[in-house]
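The values are calculated or read from the model by the stated rules, or taken from the named source; none is laboratory data. Source: prediction; values computed, not measured. Please note: Cβ atoms are built from the backbone with ideal geometry, for glycine as well, and neighbour counts cover all protein chains shown.
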Amino acid sequence: MSTYYCLVAGLPDISLDDGKLSYSVSDFKAELYPDLSAQDRKLIDLFYLKFDNTAILKLLKNKDAVIEDKGNFSAEELLQLIEAVREGDTPDKKYPSYLVNFVSQYLQLSQDELYRADDLLAALYYSYGMSSNNAFIASWFEFNLNLNNILAALAARKYKMEVSSVIVGATSICEQLRTSNARDFGLNETLEYFEALQRIADIEELVEREKKVDMLKWKWLEDESFFHYFTIERIFVFLMQLEMIERWISLDKEKGNELFRKMIQDLKNEVQIPEEFRK
């Protein structure tokens with residue numbers, strides 16, 4: 001439990017300059033990631049895979065595409081994965097199974113089916129995350145899958161679209177969203193956050209709606225990590241909240257500033273120095 005005491009207590013003093021964070025998810029990868037155990041790095045890798053997802057979609061469409069250097073793999077490594085799958089070779093075991101599976105399926109899509117690529121990758125990624133042996137992180141992936149699917153389903157109904165066509169994944173909740181004709185898809189009693197999502201879906205202003213979604217995610221992270229202190233779960237929460245604040249600052253500098261400073265102060269307040277560190 002005290003494994004990451006020094007890491008949390010030693011978080012850098014972070015300042016804001018012209019509305020930009022001086023510390024980012026990229027800085028975390030470079031500075032704090034090496035201090036984690038090999039097992040815990042794999043859990044943090046689940047977060048950074050979202051950037052690999054974006055990158056590999058671009059590279060599959062254009063091998064010369066410029067990608068952000070934020071994920072677990074470089075452009076060269078992702079191109080090597082694509083080439084290995086294309087040639088029928090066995091990819092290096094360093095690549096997560098869902099990414100290999102996605103490239104294989106993508107290469108079999110016809111031109112008329114390429115529009116499905118994003119949803120296909122999302123479904124595989126969420127399934128991979130939900131299979132994590134860390135209960136907290138698996139639940140986080142499931143929560144995000146439910147959140148995105150519910151908002152998509154509510155929007156589809158609003159605009160008279162076929163709900164089943166916008167649902168990603170193969171969980172029981174996914175199936176209920178695809179098949180239920182009930183106003184709440186029969187989920188109001190199953191998911192405590194369903195009503196909150198209904199209210200968010202009714203917000204017309206896009207930036208305000210995005211903020212409300214992030215606030216709901218923030219609350220989930222705080223509630224579910226309440227009894228985690230210096231564990232990898234708390235580090236994961238810090239990383240997720242850091243990413244959200246980066247987005248908030250781009251939308252609302254004052255709000256992002258306020259939330260960021262609150263997050264850092266909360267982390268510092270959690271630190272109770274063990275006796276051996278006081279000597």
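Against the conditions (1) at pLDDT below 95; (2) of a type outside the set (K, R); (3) exposed (fewer than 12 other Cβ atoms within 10 Å of the Cβ), D40 satisfies every one except (3). Restricting the first member to segment 80-94 and to residues that are in the same structural domain as D52 (by TED's automatic domain parsing) and touching a residue at least 12 places away in the same chain (Cβ under 8 Å), and the second to residues that are in a loop (DSSP other than H, G, I, E, B) and among the acidic types (D, E), no beta-carbon pair is closer than 6 Å while six or more apart or on different chains. Taking the listed residues L78, L99, L107, the one that is more than 29 Å from Q39 (Cα to Cα), within 26 Å of the chain's Cα centre (by Cα) and not small (G, A, S) is L107, with no other qualifying. Does segment 194-235 hold any residues that are within 30 Å of S37 (Cα to Cα) and in a loop (DSSP other than H, G, I, E, B), and which are they? S225, F226, F227, H228, Y229, F230, T231, listed by residue number.
Pull up segment 75-104, narrow it to residues that are out of contact with any Asp or Glu (no Cβ under 8 Å at 6 or more places or on another chain), polar (S, T, N, Q) and farther than 18 Å from S131 by Cβ, then point me to the one that is surrounded by the fewest Cβ atoms within 10 Å (Cβ to Cβ). Among those that are out of contact with any Asp or Glu (no Cβ under 8 Å at 6 or more places or on another chain), polar (S, T, N, Q) and farther than 18 Å from S131 by Cβ, it is T90.
Is it fair to say Y193 is hydroxyl-bearing (S, T, Y), under 27 Å from S250 (Cβ atoms) and assigned by TED's automatic domain parsing to the domain that holds L59? No; evaluated as a whole, the condition is false for this residue. Could you list, in sequence order, the residues of segment 1-37 that are modelled with pLDDT under 70, of a type outside the set (G, A, S) and over 13 Å from I245 (Cβ atoms)? Listed by number, the residues that qualify are M1, T3, V8, L11, P12, D13, D17, D18. Looking at segment 36-142, the helices (runs of 4 or more DSSP H) lying wholly inside it that each contain 1 or more residues that are of a type in the set (D, E) sit at 38-61, 75-86, 117-130.
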